[in-house]
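Trainee: Sharing a structure, written as structure tokens. Questions coming.
Nothing in this text is a laboratory measurement; each read-out follows from the coordinates by a stated rule. What you see is a predicted model; the values in this text were computed from it and never measured. All Cβ positions, glycine included, derive from the backbone under ideal geometry; neighbour counts span all protein chains shown.
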Amino acid sequence: MKKIQLFLTIEAILLTMAMIDIMATDFPRFVVLLFLFAIGLRFYLGKDWGNFLLTSTALLLFFIIMANPYVVLSIIFGVVYMILNYFSRIGKRENYQFVHIDQSPKRVKRERMRWFGNQDYFNQSTTYPFDDINIVRVFGNDVIDLTEVALVGTNNVIVVRKSFGTTHVIVPLGVEVDLSASAVYGHLDFLGLVESDLRNESVKFQSHHFLNANKRVKVVISVLFGDIEVIRQ
């Protein structure tokens, strides 16, 4: 049994014994009944003179309760429990070992951005583990080919933001896609399922089994002027 449960059990026993002892004696029982009568009188009649009777009986009942040996014992037991619990917490705190965690950011990979020109991502001659892609460009055509990438899990993200240029994203079979695209002027082709001209618009599409897929990628493309194409291969 936990300490707090044991403490509450003993306190409940002591207070129950105190109530039985008080009600077993004529004068304390009379004071309790008079106190209850004063409360009822004050509640139903609302007379001001009832305040004196209620205050007097409440004060007398307080002294009777505090003079009861079981009440005194419960107070002493409560004080002792709080003191022991306080020193027990201090002892446990002194045994704690504080571990300082270095929260400084770690630089895993650093690459220079290519603001201009065409660019292909990933080399088809080698298989790479997928890492989130974040592209910022002024203008140029981009081809993001995921067919030779070891794509696993559901938290894969590709973000492309640029002013001018075409963006091609090639995904392999078995990988589902969530696309968020926006353009001032451009054309969208999403997996052959949707073709649409974008005129200062933002759209969002998901492939059919995206929510239940074991492999999926989220693609976010924002372009001022340029076409967006997501194909499966």
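Trainee: Output the peptides 31-42, 4-15 sorted from most to least packed, where packing is the average of other Cβ atoms within 10 Å over each peptide's residues. Working shown, then result.
Mentor: Numbers: 31-42: 15.8, 4-15: 13.3.
Result, highest mean first: 31-42, 4-15.
Trainee: Just to be sure I understand the model, the point goes 7 Å from the Cα along the line to the Cβ. What's the resulting PHE139 to THR154 distance in nm?
Mentor: 4.2 nm
Trainee: Next question, about the same structure. For the range 152-181 and the range 1-76, what is the separation of their Cα centres, given in Å?
Mentor: Here the two parts' Cα centres lie 74 Å apart.
Trainee: Taking H placed 1.01 Å from N in the peptide plane, check which residues at least 5 places from LEU191 or on another chain put their amide H under 5 Å from its amide H.
Mentor: Under 5 Å from the amide H of LEU191 lie the amide H atoms of VAL230, ILE231, each far enough along the sequence or on another chain.
Trainee: How much length, in nm to one decimal, is gained on full extension between ARG42 and LEU224, taken as 0.36 nm per residue of separation minus their Cα-Cα distance?
Mentor: 57.6 nm
Trainee: Which FRET efficiency, nearest 0.05, do GLU201 and THR147 yield, Cβ-Cβ r, R0 45 Å?
Mentor: Numbers: r = 29 Å, r/R0 = 0.65.
For GLU201 and THR147, the calculated efficiency is 0.95.
Trainee: If amide hydrogens are placed 1.01 Å from N in the peptide plane, which non-local residues have theirs closer than 5 Å to the one on GLU176?
Mentor: Excluding prolines and chain starts, which carry no amide H, the hits are LYS215, ARG216, VAL217.
Trainee: What order, most packed first, do the peptides 156-166, 54-64 have when packing is the mean number of other Cβ atoms within 10 Å of each residue? Write down the numbers at each step before the final one.
Mentor: On the way: 156-166: 18.3, 54-64: 14.5.
Per-residue Cβ counts within 10 Å, averaged per peptide and sorted highest first, yield 156-166, 54-64.
Trainee: Residue by residue through the range 184-194, which ³J(HN,Hα) values in whole Hz follow from phi under the Karplus form 6.51 cos²θ - 1.76 cosθ + 1.60 (θ = phi - 60°), with glycine and proline marked x?
Mentor: My calculation for the range 184-194 gives 7, 8, x, 10, 10, 10, 10, 6, x, 8, 9 Hz in order.
Trainee: Now for a different question. Assuming a ≥ b ≥ c are the square roots of the Cα gyration tensor eigenvalues, decide whether the range 169-233 counts as rounded (a/c under 1.5), prolate (otherwise, with a/b larger than b/c) or oblate.
Mentor: Numbers: a/c = 2.33, a/b = 2.00, b/c = 1.17.
It is prolate, given that a/c is not under 1.5 and a/b is the larger ratio.
Trainee: Label points 7 Å out from Cα along the Cβ direction at VAL184 and MET82: separation in nm?
Mentor: So the label points at VAL184 and MET82 sit 7.0 nm apart.
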